[in-house]
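Here is the structure we will look at.
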Amino acid sequence: MAKELEISIDPKRKLWYVIFRREVMQYESYQEEMNVIKRYYALIEKYFVDVMCGTFFEYSKNYVVALFQPGKLRQEESVARVLAGSGELFLKALNKNLGLENSVLIGEEPVFLEELLREFVGICDWMVWLGANELTVKKLVSEPRARIGLTESRKQELFLKVLKLEFYLEGLEEEHILATIEELKEELQGISSMHDLFALEVYCGISARLISWIGRLGIGEELAFCIGTMNLYNVSLHASWREAFGYLRRVAENMFALKSQSQERQNEDVVNQVKRYIAEHISGDTSLYTLAEQVHFSQEYLLRIFKKREGVTILQYINELKLGMAKELLTGSEIPVKEIAEQLGFASQGYFGKFFRSKTGFSPNAWRGKDG
């Protein structure tokens, strides 16, 4: 391993180790992320590598590992104290300079590299339960990890719920989808190991179905901007199963929110299209049947979304538009009343007169002459 990482660690000698667990942040740009990571690594260099002879590397998005083999002989207690002091200074500087929080685990005594490798996954699982900005000095011991016991029949029941998500998604049943993900989170959040295969299978099963529907709804770019969908593809970006399934629920919530916004935009476009058609064909056929044909919606649905957006029915909108245009033509031109009636799509001058009087209390001619 030391050779692969190209670091100056002698595998035949014991080494000290420090493990950093960091939260994965969302950044506005790749360049911003790289700048933060560069400054983060500079703080590790300053408070650890420059103090002890060693190196560090990124194990995953959540974990950074530092290994040390001091050149001078030191008492083990003094090395642990120095590393702990460096850890406290590092956490303060990290929060002050970058506004970030880490948990830090320092080995209480040196170990051989193969010992660290054997227990490393367990250490990472254990660190999930450390608080933000928590520093601990701990011996490397083989401890049984807390696990939850699921029978095979219970596993089958839980995975059937994952399969049912497909049907809920097909019907876009938001309530059932969120409830199912929440139930699975409650069942599996007690698993301490992020390498548990059943929890991973459930997570990937949900992710795959959400990814498919995000694509079908055409909201991939918007959703990525809102919540960062890259985490759907990589469970290692989550610190615990509770966090992982909580993230899946937030993805589903945002998916439905964006779908609703998309539907609202579509409805707005349809209503605007109908309004343009009415204005351009005010003297012609503006029946509900014709308008619905123009936008390829059912008459009932068009009536509903138009009333919701405009606050009036389509007929009320058309009548108000005709009334406004009639008033403008009567006062701003000398066009005969008969021609105005024809331009506005009335069957006869008499019908136009009745319409105008019912809305204003005046006949068209009386309106034209009332300000004269």
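The values are calculated or read from the model by the stated rules, or taken from the named source; none is laboratory data. For clarity, every value in this text was computed on a predicted model and none was experimentally measured. Virtual Cβ from ideal backbone geometry, glycine too; neighbours counted across all protein chains shown.
Laid out as a table, the results:
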{"item": "Residue identified as at pLDDT below 90 and surrounded by fewer than 15 Cβ atoms within 10 Å (Cβ to Cβ) among GLY71, GLY54, GLY122, GLY85", "result": "GLY71"}
{"item": "Condition check for ILE314: in the same structural domain as ASN365 (by TED's automatic domain parsing), of a type in the set (Val, Ile, Thr), at pLDDT 90 or above and surrounded by 17 or more Cβ atoms within 10 Å (Cβ to Cβ)", "result": "yes"}
{"item": "Candidate set: the stretch 88-119, residues that are within 31 Å of the chain's Cα centre (by Cα) and of a type in the set (Gly, Ala, Ser); chosen: the one surrounded by the fewest Cβ atoms within 10 Å (Cβ to Cβ)", "result": "GLY99"}
{"item": "Qualifying residue in the stretch 111-124 (condition: under 24 Å from ARG81 (Cα atoms), outside any helix (DSSP H, G or I) and touching a strand residue (DSSP E or B) at 6+ places or on another chain (Cβ under 8 Å))", "result": "yes"}
{"item": "Enumeration of residues in the stretch 331-364 that are part of a loop (DSSP other than H, G, I, E, B) and among the hydroxyl-bearing types (Ser, Thr, Tyr)", "result": "SER333, SER348, SER363"}
{"item": "Flag for LYS155 being touching a Phe, Trp or Tyr at 6+ places or on another chain (Cβ under 9 Å) and either assigned to a loop (DSSP other than H, G, I, E, B) or basic (Lys, Arg) (or both)", "result": "yes"}
{"item": "Positions within the stretch 267-318 being within 24 Å of ALA341 (Cβ to Cβ), of a type in the set (A, V, I, L, M) and without any contact (Cβ under 8 Å) to a residue 40 or more places away in the chain, in sequence order", "result": "LEU288, LEU291, VAL312, LEU315"}
{"item": "Residue list for the stretch 201-238, restricted to those being aliphatic (A, V, I, L, M), modelled with pLDDT of 75 or more and buried (at least 19 other Cβ atoms within 10 Å of the Cβ)", "result": "VAL202, ILE206, LEU210, ILE214, ILE219, LEU232"}
{"item": "Residue within the stretch 27-39 that is loosely packed, with under 15 Cβ neighbours inside 10 Å, of a type in the set (Phe, Trp, Tyr), on the phi < 0 side of the Ramachandran plot and part of a helix (DSSP H, G or I) present", "result": "yes"}
{"item": "Candidate set: the stretch 244-274, residues that are crowded, with 18+ Cβ neighbours inside 10 Å and farther than 19 Å from PHE225 by Cα; chosen: the one modelled with the lowest pLDDT", "result": "ASN267"}
